[in-house]
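What follows is one structure encoded as structure tokens, with my remarks underneath.
The values are calculated or read from the model by the stated rules, or taken from the named source; none is laboratory data. No experiment lies behind these values; they were computed from the predicted model shown. All Cβ positions, even for glycine, are placed from backbone atoms using ideal geometry, and neighbour counts span all protein chains on display. The protein model used for the area step is the full one, side chains on, heavy atoms only, and it has no ligands, DNA or RNA in it. Shrake-Rupley method; radii C 1.70, N 1.55, O 1.52, S 1.80 Å.
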Amino acid sequence: MTRWRPPQPKSSPYITAEGLARLKAELKRLWVDRREVVSALTAASENAEYIYRKKQLREMDRRIRYLGKRIDEVKPVGVRPSDPDKVFFGARVTVEDADGSEASYRIVGADEIDPGRNWISVDSPLARGLLGKSIDDEAEVDTPGGTRRLTVVEIDYGAGDAGA
């Protein structure tokens, strides 16, 4: 048995303007923090501290490389769609399940997902099922628990944190 795994499919390049600003701020903060780790590494007197700082530096460098590449790849989407009555990237969508329960999701880029705020990736099966739908349209979404029928109740392109 080998450890090889096929590469993950490439995520969509879309990101909100706020998400891009957060990625750039994280990259800037990492460069500042990296200087502190490097100085702590050179001052390390114990072997355990040296090993810990090397690992910390390696993880920071990996994240810095990823963010540097990702920031160049992403395409910020900040313009409201021409038809705000349909679900597109950046929308906050309220859906109703077959049992009458409602849930609200914001469709964002892969680098912005936040389950605590119900921000889902545009690449997720739920978002793909909702894209292009209008109010009162039904969407069938395949989930691990089976197919769910959802009805679009509300579509909002307002502030990103609304309803969070």
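Scanning the stretch 72-127 for residues that are among the charged types (D, E, K, R), farther than 17 Å from GLU154 by Cβ and in contact with a Gly (Cβ under 7 Å, 6 or more places away or on another chain) yields a count of 2.
When the stretch 16-69 is limited to residues that are open to solvent by less than 60 Å² (accessible area, probe 1.4 Å) and acidic (Asp, Glu), the one that is farthest from ILE113 (Cα to Cα) turns out to be ASP33. The condition of being closer than 30 Å to ARG149 by Cβ and either out of contact with any strand residue (DSSP E or B) (no Cβ under 8 Å at 6 or more places or on another chain) or open to solvent by 40 Å² or more (accessible area, probe 1.4 Å) (or both) holds for only one of ASP72, ASP83, that being ASP83. Inclusion of SER101 among residues that are open to solvent by 40 Å² or more (accessible area, probe 1.4 Å) and small (Gly, Ala, Ser) is warranted. If the condition is being of a type outside the set (Ser, Thr, Tyr), under 21 Å from the mean Cα position of the chain (by Cα), over 12 Å from ARG92 (Cα atoms) and open to solvent by 30 Å² or more (accessible area, probe 1.4 Å), then the stretch 118-146 contributes ASP123, PRO125, ARG128, GLY132, ASP142, PRO144. Looking at the stretch 106-113, can you tell me whether even one residue there is over 20 Å from ALA21 (Cβ atoms) and open to solvent by 60 Å² or more (accessible area, probe 1.4 Å)? Taking every residue of the stretch 106-113 in turn, none turns out to be over 20 Å from ALA21 (Cβ atoms) and open to solvent by 60 Å² or more (accessible area, probe 1.4 Å).
Is it true that ILE155 is under 22 Å from the mean Cα position of the chain (by Cα), on the phi < 0 side of the Ramachandran plot and touching a residue at least 60 places away in the same chain (Cβ under 8 Å)? Against the criterion (under 22 Å from the mean Cα position of the chain (by Cα), on the phi < 0 side of the Ramachandran plot and touching a residue at least 60 places away in the same chain (Cβ under 8 Å)), ILE155 qualifies.
Among the conditions (1) part of a helix (DSSP H, G or I); (2) over 23 Å from GLY78 (Cβ atoms), VAL141 misses just one, which is (1). Taken as a whole, the stretch 3-11 holds at least one residue that is open to solvent by less than 80 Å² (accessible area, probe 1.4 Å) and over 25 Å from ILE135 (Cα atoms). Among the residues of the stretch 45-61, is any free of Cβ contacts under 8 Å to residues at least 12 places away in the same chain, over 28 Å from the mean Cα position of the chain (by Cα) and not in a helix (DSSP H, G or I)? There is at least one residue in the stretch 45-61 that is free of Cβ contacts under 8 Å to residues at least 12 places away in the same chain, over 28 Å from the mean Cα position of the chain (by Cα) and not in a helix (DSSP H, G or I). Among residues of the stretch 87-123 being in a loop (DSSP other than H, G, I, E, B) and touching a helix residue (DSSP H, G or I) at 6+ places or on another chain (Cβ under 7 Å), the one that is farthest from ILE135 (Cα to Cα) is ASP111.
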